[in-house]
Amino acid sequence: STLPIVFLYKDIVKGSLNTLEEIEPIFEVVMYASVALLNLLFTALVLISAYANETTARRSFLQSFMIYYQQDKMIMDRTSFEKIRKEMLEKILPPFVVEELISEGKSAAPAAPARLRTLSRRHDSVSILFADVVGFSSFAKQVDASFVMQYLNNLFQAFDDLTEIHDVYKVETIGDCYVATVGLVTGQMLCSSMPESSFTSSFHIGSMKSSGTYPKSTLSNSMVRQESFPESKSSTGPGSTKHRRHSLSSQDLAHRLKSLGPNDTRKTNNLEEDVLDAGRENTVKMLRFAKAMIAHCATVQQRLGDASTATSMRIGVHTGPCLSGIVGARNVRFCLLGETVTIASKFEQTGSADKIHASDIVQTLTPEEDWKESTGQAFRGRTIQDYLLDCKK
């Protein structure tokens, strides 16, 4: 707006500037020019300030975003790690033990041995299976150790897949021996907590050496208390295809499914009906699993040079009460204790190829199966009536 004034009064500007009329236009030009310059400077400062504020806001947003992103990533990584850790632990220990250990780790310092011992449980009507490969020792001596490892991995991986199908819980493998249960973690579970003072048994499957079988001396010298169970007397000889069903009364059967021994002062309060139902359901599931194991073994070949033979299994099954718990403070092992474990292991050792060797309890709980009565098993001063089920028929 000052330029028109300059051009309008250009003749006067060129004058001597001695009068007010000559000075006033020049003063207006200077004032307008100063105001315009100040407006320009103020506008530039506003723009610079707005740019700086915007830059600061964006930088702050990006920093906040990165902080939240890193936090979310750390939480996701930790959650993923905890999930993987939990899944790995559940492949080694039962879920209820893993939950106890994780909750203990979140609330306090790492679990002490005394705390681990309180994770023990008492279980009724648990069906336990022991199975091993017939002729494995001689087979392992004649082939490479790497081939034996591959053979066992393939075989046990198939058994692990079968446990998912038949609702069976795998306890562990010892050499070529496969140990599984129903009613401990899967199936119909009847369990209760046990105080540390209740452990009077010394037998546990977790302490055996990896020899492929359970030492007979351990089975015979176990310090598990004996129980005076009703004995079943055989009426036919060994190998007989005809047999007489030895029916146990519901009261006797329920007693044997829940009693750890004559001096068992901490018997559970489970009802007889619940104990019998659980025993029947768990035993049926275990027999289905055992049959599936034998059927699969028929498709697995043991190769010795150019010759090959189908894999055969000896299987022992028994149903009854047992104790479970954590043994040790380092490389902890989930172990089973009790006479039920010992009997199932003994039946596996004295069984026949491709047959299920079971007790009279198992036979009574599954009368629909084609059981063949055997000669009976001597066990700590008494005879346990046993039966064989041929799975090749």
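The values are calculated or read from the model by the stated rules, or taken from the named source; none is laboratory data. Fair warning: this is a prediction, and the values are worked out from it, not measured in the lab. We place every Cβ from the backbone using ideal geometry, glycine too, and count neighbours over all the protein chains shown. Each accessible area value is taken on the protein alone, full model and side chains, heavy atoms only, with ligands, DNA and RNA left out. Shrake-Rupley method; radii C 1.70, N 1.55, O 1.52, S 1.80 Å.
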Exercise. Residues being in contact (Cβ under 8 Å) with a residue 60 or more places away in the chain and not in a loop (DSSP other than H, G, I, E, B): count how many of those fall in segment 327-346.
Key: 13
Quiz prompt | Yes/no for Gln142 being modelled with pLDDT of 90 or more and over 29 Å from the mean Cα position of the chain (by Cα) | solution = no
Self-check item: Selection count where residues are surrounded by fewer than 24 Cβ atoms within 10 Å (Cβ to Cβ), farther than 20 Å from Val185 by Cβ and either touching a Ser or Thr at 6+ places or on another chain (Cβ under 8 Å) or modelled with pLDDT of 90 or more (or both), scope segment 329-344
Solution: 0
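Considering only segment 384-393, state which residues are open to solvent by 40 Å² or more (accessible area, probe 1.4 Å) and either out of contact with any strand residue (DSSP E or B) (no Cβ under 7 Å at 6 or more places or on another chain) or in a loop (DSSP other than H, G, I, E, B) (or both). Give the derivation first.
Taking segment 384-393 first, the residues open to solvent by 40 Å² or more (accessible area, probe 1.4 Å) are 390, 392-393.
Matches in segment 384-393: Lys392, Lys393.
Any residue at all in segment 71-86 that is within 30 Å of Ala278 (Cα to Cα) and either assigned to a helix (DSSP H, G or I) or at pLDDT 90 or above (or both)? Working first, answer last.
Taking segment 71-86 as the starting set, the residues that turn out to be within 30 Å of Ala278 (Cα to Cα) are 86.
Of the ones still in play, those that are also either assigned to a helix (DSSP H, G or I) or at pLDDT 90 or above (or both) are 86.
The answer is yes, given that some residue of segment 71-86 is within 30 Å of Ala278 (Cα to Cα) and either assigned to a helix (DSSP H, G or I) or at pLDDT 90 or above (or both).
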Quiz item: Can Glu227 be described as surrounded by 15 or more Cβ atoms within 10 Å (Cβ to Cβ), over 18 Å from Val300 (Cβ atoms), charged (D, E, K, R) and at pLDDT below 90?
Solution: yes
Quiz item: open to solvent by 10 Å² or more (accessible area, probe 1.4 Å), modelled with pLDDT of 65 or more and within 20 Å of Lys346 (Cβ to Cβ): does that describe Val171?
Solution: yes
Self-check item: Every residue from segment 351-365 that is touching a residue at least 40 places away in the same chain (Cβ under 8 Å) and either over 15 Å from Arg256 (Cβ atoms) or exposed (fewer than 15 other Cβ atoms within 10 Å of the Cβ) (or both)
Solution: Ala353, Asp354, Lys355, Ile356, His357
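Would you say Arg314 is charged (D, E, K, R), in contact (Cβ under 8 Å) with a residue 40 or more places away in the chain and over 20 Å from Leu365 (Cβ atoms)? Give the derivation first.
Numbers: charged (D, E, K, R): yes; in contact (Cβ under 8 Å) with a residue 40 or more places away in the chain: yes; over 20 Å from Leu365 (Cβ atoms): yes.
Yes: the conditions hold for Arg314.
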Self-check item: Hits in segment 347-370 - residues which are farther than 17 Å from Lys285 by Cβ and in a loop (DSSP other than H, G, I, E, B)
Solution: Thr350, Gly351, Ser352, Ala353, Asp354, Asp370
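Give Gly320, Gly316, Gly325 a once-over and let me know the one that is closer than 26 Å to Tyr151 by Cα, in contact with a helix residue (DSSP H, G or I) (Cβ under 9 Å, 6 or more places away or on another chain) and open to solvent by less than 50 Å² (accessible area, probe 1.4 Å).
Details: Gly320 fails: closer than 26 Å to Tyr151 by Cα; Gly325 fails: closer than 26 Å to Tyr151 by Cα.
The match here is Gly316.
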Exercise. State which residue is modelled with the highest pLDDT when the search covers only segment 270-299 and only residues that are touching a Ser or Thr at 6+ places or on another chain (Cβ under 8 Å) and surrounded by fewer than 16 Cβ atoms within 10 Å (Cβ to Cβ).
Key: Ala298
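Collect the residues in segment 166-178 that are farther than 15 Å from Lys285 by Cα and either out of contact with any Leu (no Cβ under 7 Å at 6 or more places or on another chain) or in a loop (DSSP other than H, G, I, E, B) (or both), keeping them in residue-number order. Show your work before the answer.
Going residue by residue through segment 166-178, those that are farther than 15 Å from Lys285 by Cα are 171-178.
Those that are farther than 15 Å from Lys285 by Cα and either out of contact with any Leu (no Cβ under 7 Å at 6 or more places or on another chain) or in a loop (DSSP other than H, G, I, E, B) (or both): Glu172, Thr173, Ile174, Gly175, Asp176, Cys177, Tyr178.
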Exercise. Could you list all residues from segment 131-165 that are of a type in the set (A, V, I, L, M, F, W, C), open to solvent by less than 30 Å² (accessible area, probe 1.4 Å) and either more than 28 Å from Val182 (Cβ to Cβ) or not in a helix (DSSP H, G or I) (or both)?
Key: Ala131, Val133, Phe139, Val148
